[in-house]
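The values are calculated or read from the model by the stated rules, or taken from the named source; none is laboratory data. From a predicted model like this one, the values you see are computed outputs, not experimental measurements. Cβ sites come from the backbone with ideal geometry, for glycine too, and all protein chains shown count toward neighbours.
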Amino acid sequence: MDQQGQNGLLSTYREGWRNRSAAGIVVSALLILFYVVLYWEHKVQQHFGIAPLTAISEAAGLRNRWYLYGFLYSLAIIGGAVYYLRRHGNSRYNRFRITVNVAIQVALGFSLPFIMPLFGGQEVYFSYFWPLKYDYLYPQTLADLPLYFALYTVVGSLLAAPVLAVLYGKRWYCSWVCGCGGLANTFGDPWRHLTSKSTKSWRFEQASIHLVLFVAISTTFLIGLDWLIGEDHPAFHRIVAGDHWQYWSIKSFYVLAVGAVLAGVVGVGLYPLFGPRVWCRNFCPMAAILGWVQKVGRYRIKVKPGMCISCGNCSTYCEMGIDVRSYAQADQSFTRASCVGCGMCAHMCPRGVLKLENTWERAEDKERQRLSVVDF
Amino acid sequence: MRIVIVGNGVAGMEAALTVRRREPTWEVTLISEESDHFFSRTALMWVFSGQMSHRDIEPLERDAYERLGFRRVRARATGIDTVGRQVSLAGGAEPVPYDRLLIAAGSRPRPGPWPGSDARGVGHFVTLQDLDWYEREVHGGASRGGAPPRADAHVRATADDSPYRFREVAAERHGRLARQPSVIGGGLVGIEAVEVAVAAGLRPYFFIREEWFWPIALDPRESRWISDQMGQHGVEVHLEHEIEALETDSGGNVSGVRTNQGRYPSDCVVIAIGVMPNTGWLAGSAIELDERGGIAVDEELQTSAPGVFAAGDCASVRWFDGTRRPEQLWYTARDQGRVAGLRLLGDTPRYDRGTWYNSAKLMDIEYTTAGLVNWNLEREQNWYFEEQGRVRSTTRVVVQDGHVVGFNMLGRRWDHTVLIRWIEERRSLDWVLGHLNEAAFDTELVPPLRVTRA
């Protein structure tokens, strides 16, 4: 049976591990340690003489540690999905969304060994697009891929993803398809209330996400340029695309800073301390682009006027740190660039004030209006 | 211009914000005994369960008072000198002078009239201090969200009969948490007190005087669904029980509830038999109160004293049926606060309640109402439909003389503004049933309601 809204009261703040207790800090430390070893296993081997993840992978008969990571990742989102659906599965939207997202990620994860031979042994994911998958628009990548996949990634990144975001908001990707989003909404769900709702955190988000987007676009542009002129300009080539760990280049810096540190170590490692969308909210360049598109598209959160009791359930459980309540109590339907459309605000609302919808029918709520309780 | 507001709730804060928006330099002072920060009183139940923290139920960021230049006085107001234009405070604090004053002191829980109502282990569930008491009885204290800042800053400037005093906790005397709570009073606060006890793993008794739960809003069929739901969660719902006394042990702790139908051992009792205007402190002042204790105000929220206005739960305003009484609702307090803010600025807007609407959540079942429901109007007819498919819901449309005058909906979400429009357009039942889904506000992917006409 479908019963709308949150069923039963949650005990979120009565569970220490979900509230930065010692247990929460330990979980965070373990996650960070795991990602550090995953990305810098060669250094671990240099210093300690063992490569733990590779050793485990080989013992388990997996080809390399990335397969082990895929397996653990699938385990985490399936376990997290069970946790999530036990609490919020009474809502059809939640049920459909999580099921689709987990199915896509697990199917891709487990079919990877079968897909790879088709691509000359390369790992490819149909669920990722540039700029989230930063190398999918690098000329060399495109040249190396089969034509249809090259076409898929160009059309998908530059046309399909934004068009779908115009029609349905960025949620079609961030909350239904994406692997980062999938992990956040399942394994990361216990900590969703920890995302900061402060104005400060919103300012930080706006600065940081656009900075990363700028770096992502510049890097892609420079690497494209390098592909054209790199051979004649070896110094330029080395600065832009030098691939060795010992020679720092713009490309390797991006891989390290954005791909490993921000998306992995910080993005997942800080779940238990700052909520599950640290990466998606503050750093993901794809989220930045889709957020712009979302602002001009159909998606919005509709507010039923006059019925908000300002309880704060919506804001508390917003994983993107949007102060939904400030809009609800001002009777202001709205579209925020960062909103990933997880639907939890509408789900938690005890008065049915909020509703996610796709509609062209509005202009006034594109811009944030002056809200009675927050803006002065 | 010195603006003083007694009360830091939604009415007072909306008024303060309305003033500040136009007058950046006026002195605005908020006097509150209960809390440093404006919070949503409707959300106490979620703090209790741990679903939200104290910070989460505060709509403003904590630097808002500084940022907006609102001065805060944390003390109990004890009276108003309408000639000398100042508010006196408990605890020997300096009186606060005003040029224009708003009284937005809200409600206080109605005390139990029975012997033993003030025993240790008996309390209410309306104020922050009530929450503190009930959490200590059931959970042993606050969640990891902690207590509100400066929770006890008012204790030097309070009074023995204040609704914001801290209560002694029976569980602390017993050396164990409450095992068998009882809740008295079949209304919204009552069912919240029951629900939080259920969420804490207890099986509370729920004593209701009437024939069915919440008769002011629900009919027997609707109410039965709610009662069944409570039963499934382990609540013992006792209808038609008149309380006779709250029994105590030799140590002054509550030990049971005695009703006209029997004795029920109990170590924690929440009395939730309604609220009344928090205006006792105005006795002897020149502010005129009505027989319910509400502050008499005109359509512009002006009290009997010049320069003094009242808004929110403590004000007796004119209802659509012509009667004057307090409206104890979040939305009306907010709307009155906005009107009062304009009055403080010198404008003369009128407060107009418009068509009645409300919503609630009863255990897991959402409730929306609009218009005249359960008013027993002459010649009224009730069209009722129960949906028992993938979604369970009830729909009740009240019809009078061929046009729709009210809606009572359980289990689905509805846009009350559309329902109100139909009432104002005097639509027929046939027309409304044909267009019903235009007012649907269900979450996405929920199949629409299909009514079958009987």
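Just a few scattered comments:
- Test: A:TYR39 is within 22 Å of A:PRO350 (Cβ to Cβ), away from chain B (no Cβ under 14 Å) and in contact (Cβ under 8 Å) with a residue 60 or more places away in the chain: no
- Subset of segment A:140-159 [surrounded by 15 or more Cβ atoms within 10 Å (Cβ to Cβ) and part of a helix (DSSP H, G or I)]: A:THR141, A:LEU142, A:PHE149, A:ALA150, A:TYR152, A:THR153, A:VAL154, A:GLY156, A:SER157
- Of all residues in segment B:326-355, those being within 12 Å of chain A (Cβ to nearest Cβ), under 28 Å from B:LEU218 (Cα atoms) and of a type outside the set (Lys, Arg) number 8.
- Among (1) among the aliphatic types (A, V, I, L, M); (2) under 15 Å from the mean Cα position of the chain (by Cα); (3) assigned to a helix (DSSP H, G or I) - the single one A:VAL177 does not satisfy: (3)
- Counting residues in segment B:419-433 that are among the basic types (Lys, Arg), under 30 Å from B:ASP99 (Cα atoms) and either modelled with pLDDT of 95 or more or crowded, with 16+ Cβ neighbours inside 10 Å (or both) gives zero.
- Complete set of residues in segment B:356-375 that are facing chain A (nearest Cβ under 7 Å) and aliphatic (A, V, I, L, M): none
- In this structure, A:TYR317 does not qualify as of a type outside the set (S, T, N, Q), crowded, with 24+ Cβ neighbours inside 10 Å and at pLDDT below 95.
- Scan of segment B:327-367 for residues that are over 23 Å from B:GLU424 (Cα atoms) and of a type in the set (S, T, N, Q), ordered by number: B:GLN328, B:THR348
- Considering residues of segment B:328-375 that are in contact (Cβ under 8 Å) with a residue 60 or more places away in the chain and part of a loop (DSSP other than H, G, I, E, B) only, the residue nearest to B:PRO215 (Cα to Cα): B:ASN374
- B:ILE243 vs. criteria in the same structural domain as B:ASP132 (by TED's automatic domain parsing) and surrounded by 15 or more Cβ atoms within 10 Å (Cβ to Cβ): yes
- Here is the figure for segment A:268-282: residues that are over 10 Å from A:TYR35 (Cα atoms) and either in contact with a His (Cβ under 8 Å, 6 or more places away or on another chain) or in a helix (DSSP H, G or I) (or both) total 10.
- A residue that is without any contact (Cβ under 8 Å) to a residue 60 or more places away in the chain, in a loop (DSSP other than H, G, I, E, B) and surrounded by fewer than 17 Cβ atoms within 10 Å (Cβ to Cβ) cannot be found anywhere in segment A:284-293.
- Of the residues making up segment B:369-384, none is of a type in the set (Val, Ile, Thr) and either touching a helix residue (DSSP H, G or I) at 6+ places or on another chain (Cβ under 7 Å) or surrounded by fewer than 22 Cβ atoms within 10 Å (Cβ to Cβ) (or both).
- Against the list (1) within 14 Å of another protein chain (Cβ to nearest Cβ); (2) surrounded by fewer than 15 Cβ atoms within 10 Å (Cβ to Cβ), the condition A:GLY24 fails is (2).
- Test: residue in segment B:376-387 that is more than 14 Å from chain A (Cβ to nearest Cβ), among the polar types (S, T, N, Q) and not in a strand (DSSP E or B): yes
- Some residue of segment A:234-242 being aliphatic (A, V, I, L, M), in contact with a helix residue (DSSP H, G or I) (Cβ under 7 Å, 6 or more places away or on another chain) and surrounded by fewer than 18 Cβ atoms within 10 Å (Cβ to Cβ): yes
- One residue from A:ALA29, A:ALA81, A:ALA107 being modelled with pLDDT under 90 and either in contact with a Ser or Thr (Cβ under 6 Å, 6 or more places away or on another chain) or loosely packed, with under 14 Cβ neighbours inside 10 Å (or both): A:ALA107
- Among the residues of segment B:414-454, the one identified as within 14 Å of chain A (Cβ to nearest Cβ), aromatic (Phe, Trp, Tyr) and outside any loop (DSSP other than H, G, I, E, B) is B:TRP414.
- Selection count, segment B:59-80, where residues are on the phi < 0 side of the Ramachandran plot and free of Cβ contacts under 8 Å to residues at least 60 places away in the same chain: 12
- Selected residue (criterion: surrounded by the most Cβ atoms within 10 Å (Cβ to Cβ)) from residues of segment B:41-99 that are assigned to a helix (DSSP H, G or I) and among the hydroxyl-bearing types (Ser, Thr, Tyr): B:SER49
- Unmet criterion (only one of (1) within 14 Å of chain A (Cβ to nearest Cβ); (2) closer than 19 Å to B:ALA153 by Cα; (3) in contact with a helix residue (DSSP H, G or I) (Cβ under 8 Å, 6 or more places away or on another chain)) for B:ARG74: (1)
- Among the residues of segment B:179-188, none is identified as part of a helix (DSSP H, G or I) and either among the acidic types (Asp, Glu) or buried (at least 23 other Cβ atoms within 10 Å of the Cβ) (or both).
- The residue list B:GLY91, B:GLY106, B:GLY79, B:GLY116 contains one member that is over 20 Å from B:SER162 (Cβ atoms) and among the small types (Gly, Ala, Ser), which is B:GLY116.
- Residues of segment B:148-178 that are of a type in the set (Lys, Arg) and either assigned to a helix (DSSP H, G or I) or surrounded by 15 or more Cβ atoms within 10 Å (Cβ to Cβ) (or both): B:ARG156, B:ARG165, B:ARG167, B:ARG173.
- Candidates A:SER201, A:SER208, A:SER196 - the one that is at pLDDT 95 or above, more than 16 Å from A:ARG336 (Cα to Cα), over 14 Å from the mean Cα position of the chain (by Cα) and of a type in the set (Gly, Ala, Ser): A:SER208
- Filtered by the rule that a residue be at the interface with chain A (Cβ under 9 Å from one of its Cβ atoms), surrounded by fewer than 24 Cβ atoms within 10 Å (Cβ to Cβ) and in a loop (DSSP other than H, G, I, E, B), segment B:8-40 gives a lone residue, B:PRO24.
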